[in-house]
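> Pasting a structure below so you can have a look.
What follows draws every value from the coordinates through simple rules; no lab data is involved. Predicted model, so just to flag it, every value in this text is computed and none were measured. Here the Cβ is made from the backbone with ideal geometry for all residues, glycine too, and neighbour counts use every protein chain on show.
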């Protein structure tokens with residue numbers, strides 16, 4: 001995997017906040033962020049990323065798995081993953097760094 005795919009990404013995936021409640025609903029995840037009293041529907045891509053946010057999974061592993069399953073190159077997947085993590089952080093679903 002190119003180092004370009006890992007630029008600006010953490011070595012391990014961030015951790016989902018403890019007060020985030022996740023439930024499946026008609027093929028999408030419904031996520032309740034208790035602290036902000038907000039609910040969000042996540043598409044399959046963001047759902048996958050949130051599921052990987054355990055604070056332990058190496059980011060490189062997520063990139064490799066997604067690249068393998070989609071056929072996209074690792075640099076494109078890295079950019080998508082960075083954007084996805086930023087979206088989840090903006091929605092207050094991840095623990096602060």
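> Of everything in segment 21-31, what is over 16 Å from residue 49 (Cα atoms) and either in contact (Cβ under 8 Å) with a residue 24 or more places away in the chain or in contact with a strand residue (DSSP E or B) (Cβ under 8 Å, 6 or more places away or on another chain) (or both)? Give them in sequence order.
25
> Need the failing condition index for residue 71 against (1) farther than 14 Å from residue 93 by Cα; (2) under 14 Å from the mean Cα position of the chain (by Cα), just the number.
Every condition holds for residue 71 apart from (2).
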